[in-house]
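Contents: one structure, followed by commentary.
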Amino acid sequence: MRAIMVMFDSLNRHMLPNYGCDWTHAPNFKRLGERTVAFDQCYAGSLPCMPARKELHTGRYNFLHRSWGPIEPFDNSMPEILKQNGVYTHLVTDHQHYWEDGGATYHPRYSSFEMVRGQEGDPWKGHVKASEIPQTETPEPFASSTMFKQDIVNRSYFESEENHPQAVTFSLGMDFIQKNKDEDNWLLQLETFDPHEPFFAYQQYKDLYPHEYNGKHFDWPPYYFVQESDEVVQHGKYEYAALLSMCDNYLGKVMDMMDELDMWKDTMLIVNTDHGYLLGEHGWWSKSVMPVYDEIAHTPLFVWDPREGKQGERRQSIVQTVDLAPTLLEFFGVTLPEDMDGKPLRQVIQSEQPIRESALFGFHGGHVNITDGNYVYMRGPVSPENKPLFEYTLMPTHMRQPFAPGELQNIEIQEPFSFTKGCQLMKIQAGTGFVNAFQYGSKLFNLTTDPKQKEEIENLEIELAFIKKIADHLRKNDAPKEQFIRLGIPEDGIMTIEELKKQKEAIRKAEKINILEEYRWDRVAQNQMRALLNITSENVRHKLLNAFEEFVLSSNYMEVNAGVVEKFIDVFLQSDEKEKAKYFIGLAGRTS
């Protein structure tokens, strides 16, 4: 038996013809749907990139204990387990996060691996003299970032398509298939960073989406809310679509090879992604800084299992990224570790037998989201500080750097969790992350009547049912006790309607800033001021609050709104602090 996983990054379900999109050009995805089982209710789990890949290895949620980080000494690793059981595992990837501090322990788990350089801001080619930056619609501070500048350098090395990292990745993956076509017991993970931003594609793919555009260069949306014109937003969607069509082309090459080598009879094929991406929906670009809407969490998944022979069919059972590790282990006849959350997909493929009632997903420190396929409930923190919140790790690294010495000054020793194989861990105070999810509040949507999540609903009975389900998931996952506290959920998950009402009232009171209480504060100003406090060191916060109070009183404002906060920043902060502050208060000004 052999298996091929073709993994894309930020592959949008709602941009694929298999899931109802009627304007993108993706004939090979259509063809894929005819050869596989397509899953209609697949959800991400831990977000974003490396947390999702940890799920791919471990088969368990990790966002309740840890943010972005490497494979830990106690973690199960699906490719390593296969390797230890006589299955050769090979990774080919251009996903540059593997060779950063926060991803550096993933690729050695495979029998062998090939790394392709140059995607996004990968610090690849060295140019001492900065390249000329094109005029761009990408706003500051993104357009002057080191990554943006490095990407301009990298692009100059793949002007021809065959030199593009995606093309090289697929070529190397297909070389592996060709060389090993007569061998048994191997897994190939062929993984490309595309169609993740920046949306760099070649003219032949852009020509598939003719449109008039008179704006500046724009193929790299910011992790921010939409500020651009409708014309720029639409152009950004076409740029994504062009890159999607490039991905479709290379997917087709893999399927062609499977046809030519008659591999369908004994080779599993999985085509998947880590998460989706917002292209202006809900007024947002990208991911990470907003609630995890359906466009991010609800992902495409296609599986061909040669043992079952099911093709051209669809499945409605809820499945998740955590199910892929056990699926591959079961396919190769390897016993599953006891602490995997996921389940093999074989019974779903075979006869639509469900493997779970609900799916949990989210970012560390963000909403804890849950869906049963009919509703989605986004449970936010109940305190403005989004605390208590800790990182549990033996590998204290962020995405691109180790934890700073200041973060490690007051670590505690955490007794083992059920999945850490007896290992104690470092318990480290978590940072603030991108943005505090408290500002958005908890949200409930009816996905059946409102699949685009445009209108929040209020139904305390449904909310209480989901609170119970979240608590069940947390206990099963051996979540830290403070997650129950942060979310305001009893450990048994049982609350009454009256208790929930009182909690909501307490949250409304907690939203208020405890100065200028005689003034009317709008919600945006409250969130902006709280964001300003969150990025200010504790020894300066009292001074900042006093200064703000004096500023408002001396200026004779009648109310505190977003304009007042922005003017205060202009007056009070030093020039080098203003850009960071305005970035975060801009995010905080978004409440949906």
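The values are calculated or read from the model by the stated rules, or taken from the named source; none is laboratory data. Nothing here was measured: the structure is a model prediction, and the numbers come from that model. A quick note on method: Cβ atoms are made from the backbone with ideal geometry, for glycine too, and the neighbour counts reach across all protein chains shown.
I'd like the residue in region 505-554 that is without any contact (Cβ under 8 Å) to a residue 12 or more places away in the chain and either among the small types (Gly, Ala, Ser) or buried (at least 16 other Cβ atoms within 10 Å of the Cβ) (or both) and, out of all such residues, is farthest from residue 579 (Cα to Cα).
Selected residue: 554.
Which condition breaks for residue 106 when tested against (1) closer than 29 Å to residue 352 by Cβ; (2) without any contact (Cβ under 8 Å) to a residue 60 or more places away in the chain; (3) under 18 Å from the mean Cα position of the chain (by Cα)?
With (1) closer than 29 Å to residue 352 by Cβ; (2) without any contact (Cβ under 8 Å) to a residue 60 or more places away in the chain; (3) under 18 Å from the mean Cα position of the chain (by Cα) applied to residue 106, the lone miss is (1).
Hand me the list of helices (runs of 4 or more DSSP H) wholly inside region 143-222 holding 2 or more residues that are closer than 22 Å to residue 24 by Cβ. Please lay out each step first, then the result.
Values: elements: 146-155, 165-179, 203-206.
In region 143-222, the matching helices (runs of 4 or more DSSP H) lie at 165-179, 203-206.
Would you confirm, using the coordinates I've provided, whether residue 479 is more than 28 Å from residue 338 (Cα to Cα) and either at pLDDT below 95 or surrounded by 14 or more Cβ atoms within 10 Å (Cβ to Cβ) (or both)?
Details: more than 28 Å from residue 338 (Cα to Cα): no; either at pLDDT below 95 or surrounded by 14 or more Cβ atoms within 10 Å (Cβ to Cβ) (or both): yes.
Criteria not met by residue 479.
Let's see how each residue does on (1) at pLDDT below 95; (2) surrounded by fewer than 23 Cβ atoms within 10 Å (Cβ to Cβ); (3) over 30 Å from residue 178 (Cβ atoms):
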{"position": "223", "(1), (2), (3)": "yes, yes, yes"}
{"position": "230", "(1), (2), (3)": "no, yes, yes"}
{"position": "234", "(1), (2), (3)": "no, yes, yes"}
{"position": "238", "(1), (2), (3)": "no, yes, yes"}
{"position": "242", "(1), (2), (3)": "no, no, no"}
{"position": "247", "(1), (2), (3)": "no, no, no"}
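For region 94-117, what are the residues that are under 23 Å from residue 334 (Cβ atoms) and not in a helix (DSSP H, G or I)? Please lay out each step first, then the result.
Filtering region 94-117 for residues under 23 Å from residue 334 (Cβ atoms) gives 105-113.
Hits for region 94-117 are 105, 106, 110, 111, 112, 113.
Quick one: count up the residues across region 457-501 that are β-branched (Val, Ile, Thr), under 17 Å from residue 375 (Cα atoms) and over 27 Å from the mean Cα position of the chain (by Cα). Let's see the steps before the verdict.
First, the residues of region 457-501 that are β-branched (Val, Ile, Thr): 457, 462, 467, 470, 485, 489, 494, 496-497.
Filter once more, keeping what is under 17 Å from residue 375 (Cα atoms): 457, 462, 467, 470.
Checking which are over 27 Å from the mean Cα position of the chain (by Cα) leaves us with none.
Count: 0.
May I ask you to verify whether residue 571 is farther than 30 Å from residue 454 by Cα and in contact with a Phe, Trp or Tyr (Cβ under 9 Å, 6 or more places away or on another chain)? Walk me through it before giving the result.
Details: farther than 30 Å from residue 454 by Cα: yes; in contact with a Phe, Trp or Tyr (Cβ under 9 Å, 6 or more places away or on another chain): yes.
The answer is yes for residue 571.
Can you work out which of the residues in region 310-365 that are aromatic (Phe, Trp, Tyr) and closer than 23 Å to residue 468 by Cβ is nearest to the chain's Cα centre (by Cα)?
In this case the residue turns out to be 363.
Conditions: (1) part of a loop (DSSP other than H, G, I, E, B); (2) touching a Gly at 6+ places or on another chain (Cβ under 9 Å); (3) modelled with pLDDT under 95. Residue 140 meets all but one. Number of the miss?
(2)
Got a sec? Which strands (runs of 3 or more DSSP E) wholly within region 410-524 have at least 1 residues that are farther than 21 Å from residue 391 by Cα and out of contact with any Asp or Glu (no Cβ under 7 Å at 6 or more places or on another chain)?
Numbers: elements: 412-414, 425-429, 443-446.
Once the strands (runs of 3 or more DSSP E) in region 410-524 are filtered for at least 1 residues that are farther than 21 Å from residue 391 by Cα and out of contact with any Asp or Glu (no Cβ under 7 Å at 6 or more places or on another chain), what remains is 443-446.
Determine whether region 146-169 contains at least one residue that is modelled with pLDDT under 95, touching a strand residue (DSSP E or B) at 6+ places or on another chain (Cβ under 9 Å), within 26 Å of residue 223 (Cβ to Cβ) and not aliphatic (A, V, I, L, M).
Yes, region 146-169 has at least one match.
Does region 11-51 hold any residues that are of a type in the set (A, V, I, L, M) and within 23 Å of the chain's Cα centre (by Cα), and which are they? Quick ask: steps written out before the conclusion?
Within region 11-51, the first condition is being of a type in the set (A, V, I, L, M), and the residues that meet it are 11, 15-16, 26, 32, 37-38, 44, 47, 50.
11, 15, 16, 38, 44, 47, 50 - these are the residues of region 11-51 that are of a type in the set (A, V, I, L, M) and within 23 Å of the chain's Cα centre (by Cα).
Looking at region 250-284, which of its residues are out of contact with any helix residue (DSSP H, G or I) (no Cβ under 7 Å at 6 or more places or on another chain) and surrounded by fewer than 22 Cβ atoms within 10 Å (Cβ to Cβ)?
256, 258, 259, 260, 261, 262, 263, 265, 266, 282, 283
Identify all residues within region 276-309 that are touching a Ser or Thr at 6+ places or on another chain (Cβ under 8 Å), part of a strand (DSSP E or B) and in contact (Cβ under 8 Å) with a residue 24 or more places away in the chain; write none if there are none.
Matches in region 276-309: 299, 302, 303, 304.
Just to check your reading of the model, which residue among 161, 132 is of a type in the set (D, E, K, R), surrounded by fewer than 18 Cβ atoms within 10 Å (Cβ to Cβ) and farther than 30 Å from residue 586 by Cβ?
Numbers: 132 fails: farther than 30 Å from residue 586 by Cβ.
Of 161, 132, the one residue that is of a type in the set (D, E, K, R), surrounded by fewer than 18 Cβ atoms within 10 Å (Cβ to Cβ) and farther than 30 Å from residue 586 by Cβ is 161.
Can you work out which of the residues in region 560-582 that are touching an Asp or Glu at 6+ places or on another chain (Cβ under 9 Å) and part of a helix (DSSP H, G or I) is farthest from residue 546 (Cα to Cα)?
Here is the first cut: in region 560-582, the residues touching an Asp or Glu at 6+ places or on another chain (Cβ under 9 Å) are 560-562, 569, 578-579, 582.
After this cut, where a residue has to be part of a helix (DSSP H, G or I) as well, the list is 562, 569, 578-579, 582.
Details: 562: 18, 569: 14, 578: 18, 579: 22, 582: 20 Å.
This residue is 579.
The rows are residues; the columns are (1) surrounded by fewer than 18 Cβ atoms within 10 Å (Cβ to Cβ); (2) within 30 Å of residue 39 (Cα to Cα); (3) of a type outside the set (Phe, Trp, Tyr); (4) modelled with pLDDT of 95 or more.
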{"site": "353", "(1), (2), (3), (4)": "yes, yes, yes, yes"}
{"site": "358", "(1), (2), (3), (4)": "no, yes, yes, yes"}
{"site": "368", "(1), (2), (3), (4)": "no, yes, yes, yes"}
{"site": "377", "(1), (2), (3), (4)": "no, yes, no, yes"}
{"site": "395", "(1), (2), (3), (4)": "no, no, yes, yes"}
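Using the structure shown, decide if residue 57 is surrounded by fewer than 24 Cβ atoms within 10 Å (Cβ to Cβ), out of contact with any Cys (no Cβ under 9 Å at 6 or more places or on another chain), modelled with pLDDT of 95 or more and in a strand (DSSP E or B).
Details: surrounded by fewer than 24 Cβ atoms within 10 Å (Cβ to Cβ): yes; out of contact with any Cys (no Cβ under 9 Å at 6 or more places or on another chain): yes; modelled with pLDDT of 95 or more: yes; in a strand (DSSP E or B): no.
No; evaluated as a whole, the condition is false for this residue.
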